[in-house]
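What follows draws every value from the coordinates through simple rules; no lab data is involved. Just so it is clear, the model here is predicted, and its values are computed rather than measured. Note that each Cβ is placed from the backbone with ideal geometry, even for glycine, and that neighbours are counted across all protein chains shown.
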Amino acid sequence: MSTSSNAGTSGAGPSGSAKVTWYYDPKVRGVIYQVITLGAVVALAAIIIHNTAVNLASRNIAQGYGFLTTSAGFDLAMTPIDFPRDATYGRAIMVGLVNTLLVAAIGIIFASLFGFLAGVGRLSQNYLISRVSTIYVEVCRNVPLLLQIFFWYFAVLQVLPNPRNSVEPIPGWIFLNNRGLFLPEVKLTEATGWAILGGLVVGVIGAIAVSRWARQRQIATGAQFPAGKVGLALILGLPILGLVVTGLGLTLVAPVKGGFNVAGGTRVIPEFAALVVALSVYTGTYIAEIVRAGILAVSWGQTEAARSLGLPNGPTLRLIIIPQAMRVIIPPLTNQYLNLTKNSSLAVAIGFPDLVYVGGTVLNQTGQAIEIIAIWMAIYLGLSVATSVFMNWYNARVAIVER
Amino acid sequence: MRSDALLGFVRREMLQASPPPRSVVGPVAWMRKNLFATPLDTVLTVIGAALFAWVVWTLVDFAILRAIWTGTSGEACRKPGAGACWPYVQAYWKQFVFGRYPEIERWRPTLVFALFAVLLVPLMIPKVPFKRLNAILFFLVFPVVATILLSGGFGLVHVETTLWGGLLVTLIVAVTGIVASLPLGVLLALGRRSKLPVIRLLSIIFIEFWRGVPLITVLFMASNMLPLFMPQGVEVDKLVRPLVGVSLFTAAYLAEVIRGGLQAIPKGQYEGAMALGLSYWKMMGLVVMPQALKLVIPGIVNSFISLFKDTTLVLIVSIFDLLGMIQSSRTDPNWFAPSTVTTGYLVAALTFFVFCFGMSRYSQWMERRLNTGHKR
């Protein structure tokens, strides 16, 4: 049913028909707006591309990714994968990426630990524990991360004694000084290494199989089976069995203290330590708040219902509260993990060779700003997309199905 | 059928009266309930108390008991066992605030600080009248006046932005970021919920791009690539480059926060506005946005707090904010001492804490004040 138009009153045209004047038609307007917006964006992009091309040409900067195969000629402080002297820029960036992932993985483990402890701590009945947790969260969350990294690196780790006067928590085995933390190196014979790895793989597969079988059996018969304990025994036991069977082919090589440095052993460089500590302490505060909110989001009635069914405290927590809290916790928690990964790029400020630091060095040597920044963005965007895909999958799996 | 015997839960005889409970008021009862309820609780209490005492003692010991209070160089602070080096803070204080801004011209940033405070404080107190005038002065007039005062012109000596630094730059980056990103964030949020596919897609790409990359790479991009984007001969000021990067970055985060608020507004509100014949912009501006923004105040303030903390990252592209000034004073041979750097970080941490904590408390208060409509 067409209403009699009031469009004509705006003095547009004397069409006088019952139809709306064309430029008041929402559909036409929508198309016009979109064409204008798209035009503006395309024009802006064209101008930027043109300017960049002109600027690059006038500065004699070559374009393309050819530089990745040229020899790098710099050293990196931490190389978890091989980085020989004549390695290429591409290899250097690979090392940076592995370092970023390493910092992120270890940081995530510790941040979760701090976060869960402080989050549960804030809800504790114990006055002192809840206050200490609150102070930790409020203070460490309101101080910039970069400042915390500087603090750990310049104010704590750099004022440690020199190698000659190392702190030795276990004399002769562990050395702590301003060059880092030196731990004994674990040396395995080849057979033992494979046996342990094989034991671990078989153990994990076995644990999964046992838990599946236990669930099936519980659904079918109602009988419970200690699948968790058996699984843990498999995962821990089989590698140890492998170690024993292959004749204990494992030796710990202690680092040796020399005049100016500590030789041998496994070294944790101070940059790595400072970064991991600062990232975990900082992100832990955010995780604490997420955990607290998640637990508070499960209504008290759930606990009461569990108690009235006669469930003891442990299973109430494990079977009723935590699964429901996890629904609220997981999405923001994943975000925090992603934030931690992105924040690990602050490594550049203290010279830890992560992706951004290595990329920055390459950028300074070659001037390939666009290519380097494109590599950064591609990798971090890839991580983000992977995370959000996982998050959406998990969310869909655990979401409450409402009637 | 008699069932008395089966009804085991019906009590037939009286129980002995229990003894009266131990005191439930007073400090002893409070401690029993909150500190030593169970053996585990007692252990936790001891650990907590030890941790707390250790942190407080370390802090007091360093900042007060072992601190050095007077001196003209790092000599005094270099003695073994010395704590905080306060003369260093005193000597450097002006640089922490103004950076390398020329000394005779420092009245200009001081005046800007004063104007900022005079305009901001009444804006933040709901009871003070003339809000509209106040807002116009703060958001439109103040930035122009501040720019002229700081950089020069109209008879004032020109001061290069490379000389600006310290807290001045921290506040400039933060305030510009906040003021520039809020409107952009609102537009992006509306764009992402738009029914027009092209506009929605462009908004999504923009938001997800900026949210997916670390701020450092954005700053590198701003300082390295922005000059390449400009036509030849056009120079972008070194301080303006990170401002652009920070604003776009924050706008993307704000857009998502505001989108959350928009999604929480019931459909009836849109329908009511449409039934009144309001246009799209009037509907959004008068009906939907005010409610949506009110709902997401905590999220918006969170973004602002992260922005404030993230201003420290500009030191990576060689702009010396408060932390940058402290970091560069670290190597001053005159003040070089083991505790100098820690003292500097303590000052920076305290400053940032005061600002961020203040913002979060203010937002909580504002939230409670505005929390009117949803109660029934």
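Based on the Kirkwood radius over alpha-carbon pairs, what is the Stokes-Einstein translational diffusion coefficient of the range A:34-184 at 25 °C with 0.890 mPa s viscosity, in µm²/s?
114 µm²/s
Return the average number of partner chain Cβ atoms within 10 angstrom of each residue Cβ along peptide B:97-110.
Mean inter-chain Cβ contacts per residue within 10 Å come to 0.
Can you bin the range A:311-389 into rounded, prolate or oblate? Criterion: square roots of the alpha carbon gyration tensor eigenvalues sorted a ≥ b ≥ c, rounded for a/c under 1.5, prolate for a/b above b/c, oblate for the rest. Don't skip to the answer; put the middle values down first.
Numbers: a/c = 6.52, a/b = 2.99, b/c = 2.18.
Here the range A:311-389 falls in the prolate category.
If the elastic network links every pair of Cα atoms under 10 Å, which of B:Leu313, B:Leu254, B:Leu133 fluctuates the most in the Gaussian network model of chain B?
Fluctuation is largest for B:Leu133.
In chain B, once you exclude exposed chymotrypsin sites (Phe, Trp or Tyr not before Pro) (DSSP loop, at most 12 other Cβ within 10 angstrom), what's the longest stretch remaining?
With chymotrypsin sites (Phe, Trp or Tyr not before Pro) excluded where exposed in loops, chain B gives B:155-376 as its longest stretch.
So for chain A, considering every pair of alpha-carbon atoms, how many percent are separated by more than 29 Å?
On the way: 53968 of 81003 pairs.
Value for chain A (Cα pairs over 29 Å): 67 percent.
Can you tell me which of B:Ala76, B:Ala292, B:Ala29 moves the most in a GNM of chain B? Springs connect C-alpha atoms under 10 Å apart.
Of B:Ala76, B:Ala292, B:Ala29, the most mobile in the Gaussian network model is B:Ala29.
Please label the shape of the range B:66-161 as rounded, prolate or oblate, based on the square roots a ≥ b ≥ c of the eigenvalues of the alpha-carbon gyration tensor (a/c under 1.5 means rounded; beyond that, a/b larger than b/c means prolate, else oblate).
oblate
Tally Lys and Arg at +1 and Asp and Glu at -1 over the other residues with C-beta under 15 Å from the C-beta of A:Ile321: what net charge comes out?
+3
Give the average, rounded to an integer, of partner chain Cβ atoms located within 10 angstrom of each Cβ in A:132-139.
What the average comes to for A:132-139 is 3.
Distance cut-off 25 Å, Cα to Cα: go down the list B:Lys79/B:Lys309; A:Lys342/B:Lys195; B:Lys238/B:Lys309; B:Lys267/B:Lys294; B:Lys131/B:Lys282; B:Lys94/B:Lys309 and report the pairs above it.
Values: B:Lys79/B:Lys309 34 Å; A:Lys342/B:Lys195 32 Å; B:Lys238/B:Lys309 20 Å; B:Lys267/B:Lys294 17 Å; B:Lys131/B:Lys282 21 Å; B:Lys94/B:Lys309 21 Å.
The pairs that break the limit, which is 25 Å between Cα atoms, are B:Lys79/B:Lys309; A:Lys342/B:Lys195.
Once you average over the residues of B:335-346, how many Cβ atoms of partner chains fall within 10 Å of each Cβ?
3
Sort by residue number and report every cysteine in the protein assembly as shown with no other cysteine beta carbon within a distance under 4.7 Å.
Here A:Cys140, B:Cys356 come out as lacking a disulfide-compatible partner, given the Cβ-Cβ threshold of under 4.7 Å.
May I ask you to list the trypsin sites (Lys or Arg not before Pro) in the range B:7-76 that are in a DSSP loop and have at most 12 other Cβ atoms within 10 Å of their Cβ?
Values: sites: B:Arg11, B:Arg12, B:Arg22, B:Arg32, B:Lys33, B:Arg66; in loops: B:Arg11, B:Arg12, B:Arg22, B:Arg66.
Those satisfying the criteria are B:Arg11, B:Arg12, B:Arg22.
Given +1 on the Cβ of Lys and Arg, -1 on the Cβ of Asp and Glu, and no further charges, what dipole in debye does the range A:261-327 carry about its Cα centre, rounded to the nearest 20?
For the range A:261-327, the charge dipole is close to 160 debye.
Take each uninterrupted DSSP H stretch in chain A, measure its Cα extent along the helix axis, and return the ones at 18 Å or beyond whose mean Kyte-Doolittle hydropathy is at least 0.5.
Numbers: long enough: A:26-58 (48 Å, 1.27); A:89-122 (48 Å, 1.63); A:127-141 (21 Å, 0.70); A:190-221 (45 Å, 0.72); A:227-245 (26 Å, 2.15); A:270-297 (40 Å, 1.31); A:322-343 (29 Å, -0.03); A:369-398 (43 Å, 1.21).
Sorted by number, the helices that extend far enough and score high enough are A:26-58, A:89-122, A:127-141, A:190-221, A:227-245, A:270-297, A:369-398.
For chain A, build the charge dipole from Cβ charges (+1 Lys, Arg; -1 Asp, Glu) around the Cα centre, then report which of A:Pro239, A:Ala53, A:Gln216 sits farthest towards its positive end.
Sorting the options by dipole projection puts first A:Gln216.
Rank A:Met78, A:Ala40, A:Val103 by how far each Cα sits towards the positive end of the charge dipole of the range A:8-148 (+1 on Lys, Arg Cβ; -1 on Asp, Glu Cβ) and give me just the farthest.
Of the candidates, A:Ala40 comes out farthest on the positive side.
For chain A, what is the mean residue ellipticity at 222 nm derived from helices alone (per DSSP H run of n ≥ 4: -39500 (n - 2.57); sum divided by total residues; nearest 500 deg cm²/dmol)?
Result for chain A: -21000 deg cm²/dmol, rounded to the nearest 500.
Towards the positive end of the charge dipole of the protein assembly as shown, with charges on Cβ (+1 Lys, Arg; -1 Asp, Glu), say which of B:Val169, A:Val137, A:Ile269 has the farthest Cα.
A:Val137
Please say if the protein assembly as shown is rounded, prolate or oblate, where rounded means a/c under 1.5 for a ≥ b ≥ c the square roots of the C-alpha gyration tensor eigenvalues, and otherwise the choice is prolate for a/b larger than b/c and oblate otherwise?
Here the protein assembly as shown falls in the rounded category.
Just from its helices, what would the mean residue ellipticity at 222 nm be for chain B, if runs of 4 or more DSSP H residues each count -39500 (n - 2.57) and the sum is divided by every residue, rounded to the nearest 500 deg cm²/dmol?
-20000 deg cm²/dmol
Take every Cα pair under 8 Å in chain B that's 6+ residues apart, average their separations, divide by the length, and report that relative contact order as a whole percent.
Relative CO of chain B lands at 19 percent.
So, with +1 on the Cβ of K and R and -1 on the Cβ of D and E, and no other charges, what is the size of the charge dipole of chain B about its Cα centre, to the nearest 20 debye?
That gives chain B a dipole magnitude of about 1460 debye.
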